[in-house]
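Inspection log for the structure reproduced underneath, given as structure tokens.
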Amino acid sequence: MEPWVREGLLQEKLPGGKARCLTCARRCLLAEGEKGFCKTRENRGGKIFTLTYGLLSAVSANPMEKKPFYHLYPGDFALTCGTWSCNFTCPWCQNWEISKRPPDPDQGFGYVPPEDFVRMAKEEGCQGVSLSFNEPTLLLEWAVELFPLAKKAGLHTTFVTNGYMTEEALEVLVAAGLDGANVDWKGGPAAVQKFCGANFQVVVKNSRILKDHGVHVEITTLIIPGVNDDEGTLRFLAERIVEELGSATPWHVTRYFPAHQFRTPPTPISVLERAKEIGEEAGLHFVYVGNVPGHPGQNTYCPSCKALLIERDGLSLLSPHIQANVCPRCQEGLPIHLRPGKRNPLP
Ligand code: SF4
Ligand code: SF4
């Protein structure tokens, strides 16, 4: 059997050669020979196999700011990878070249065992590993082997996710050492159902479970005209973040550009600025404007005295003004993880 085909970690074997995949909340019931909704899981002989164990579409060393993580090890780099396909159907997908294709061992980066990925991360001078690009839950079996090795090598571990894994999958990821998750809240319940074919409540609940387990959580919403840019939706999302995850949770409101099946023009910057205002009115202390290089809404300010703490431009840290997670001006505590032993954030 190919090395990227492995027995699925989470499944329920059923009579008649059927099996249920318990990797994500779709919980696909698969008969012999059938593939799941995501095309990365297949029933072979009554058991579900993943077709994407370590099968990587792309690998690159990226700053934490690109994911985006603004409050988790600012200035660090993580060796980042994704696999193929997705369990969501977003028609605006910015990574559609990999997320709308079934696993393909002849394309992309190819098969990488977890220990090799950790070695590559160290060789590239990265301080972490990150699973992103498409939906990292589809790399579950590989991630739970990768993370303990990464932690042993002193690397941090993150997911950039649509948050649609099962609670069982969340448990194994947390136990394996997941440090941080940026979870996409793509819109209100109706839009998430219509465009992503998914249940918004699952995403909210999973975000809360991650936080309750001590995983660092940031939320991203790609603001798309006509999908989620109305005041009611933005206010609803901001209020739910406050209610479920707390005021200190970073919310990234990022600019959409046309991609895949969506041709609507890019989000006006004024809409992103209004989204930031709405987030702050709802009580969020850190709302960031994303995908707008040079915008001051990328910077971190002290929620108490408004001192400028971290200046960013696109993916770069310009002028870090903190060396500890307290405001140097008013001593307000800051919910920003700084890497021990490093004067963070460094440009
Ligand atoms: S990962 Fe999700 S979409 Fe894919 S087969 Fe399993 S339950 Fe279905
Ligand atoms: S969840 Fe992410 S990767 Fe998957 S289709 Fe949506 S935007 Fe693309």
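Restricting the search to region 195-223, which residues are surrounded by fewer than 19 Cβ atoms within 10 Å (Cβ to Cβ) and within 16 Å of ligand 2 (Cβ to nearest atom)? The answer is G197, N199. The residues on offer are A143, A190, A181, A176, and the sole one that is modelled with pLDDT of 95 or more, farther than 28 Å from K35 by Cβ and either in the same structural domain as Q94 (by TED's automatic domain parsing) or surrounded by 19 or more Cβ atoms within 10 Å (Cβ to Cβ) (or both) is A190.
Restricting attention to region 1-27, and to residues there that are within 16 Å of ligand 2 (Cβ to nearest atom) and part of a loop (DSSP other than H, G, I, E, B), which single residue is nearest to T80 (Cα to Cα)? Taking the candidates together, the pick is T23. For region 292-317, a residue qualifies if it is modelled with pLDDT of 90 or more and more than 21 Å from E280 (Cβ to Cβ), and exactly one does: P293. Hey, does region 282-292 have a residue that's assigned by TED's automatic domain parsing to the domain that holds Q201, crowded, with 21+ Cβ neighbours inside 10 Å and farther than 25 Å from D313 by Cβ? There is no residue in region 282-292 that is assigned by TED's automatic domain parsing to the domain that holds Q201, crowded, with 21+ Cβ neighbours inside 10 Å and farther than 25 Å from D313 by Cβ. Picking from residues in region 48-84 that are on the phi < 0 side of the Ramachandran plot and hydroxyl-bearing (S, T, Y), the one that is surrounded by the most Cβ atoms within 10 Å (Cβ to Cβ) is T83. Assess whether T158 counts as being more than 16 Å from A78 (Cβ to Cβ), hydroxyl-bearing (S, T, Y), within 16 Å of ligand 2 (Cβ to nearest atom) and in the same structural domain as V227 (by TED's automatic domain parsing). Taking the combined requirement at face value, the residue does not satisfy it. Taking each residue of region 121-135 that is more than 13 Å from G177 (Cα to Cα) and away from ligand 2 (no atom under 12 Å from the Cβ) and looking for partners that are part of a strand (DSSP E or B) and among the small types (G, A, S) with beta-carbon atoms closer than 6 Å, six or more apart or interchain, yields E124/A61; C126/A61; C126/A78.
Could you tell me whether region 6-19 includes any residue that is within 19 Å of the chain's Cα centre (by Cα) and touching a residue at least 12 places away in the same chain (Cβ under 8 Å)? No, because not a single residue in region 6-19 is within 19 Å of the chain's Cα centre (by Cα) and touching a residue at least 12 places away in the same chain (Cβ under 8 Å). Tallying residues that are within 16 Å of ligand 1 (Cβ to nearest atom) and either under 15 Å from H156 (Cβ atoms) or over 14 Å from the mean Cα position of the chain (by Cα) (or both) within region 65-86 yields 2. Among residues of region 37-51 that are aromatic (F, W, Y), those with a Cβ under 8 angstrom from a residue that is within 7 Å of ligand 1 (Cβ to nearest atom) and in a strand (DSSP E or B), sequence gap 6+ or separate chain, pair up as F49/R41.
Looking only at region 11-44, residues that are more than 21 Å from I98 (Cα to Cα) and surrounded by fewer than 19 Cβ atoms within 10 Å (Cβ to Cβ) come to 15 in all. Considering each of T40, T83 in turn, give the residue that is within 16 Å of ligand 2 (Cβ to nearest atom) and assigned by TED's automatic domain parsing to the domain that holds E168. From the options T40, T83, the qualifying one is T83.
The values are calculated or read from the model by the stated rules, or taken from the named source; none is laboratory data. All figures in this text were calculated on a predicted structure; none of them were measured in a lab. Every residue, glycine as well, gets a Cβ built from its backbone with ideal geometry; the counts of neighbours run over all protein chains shown.
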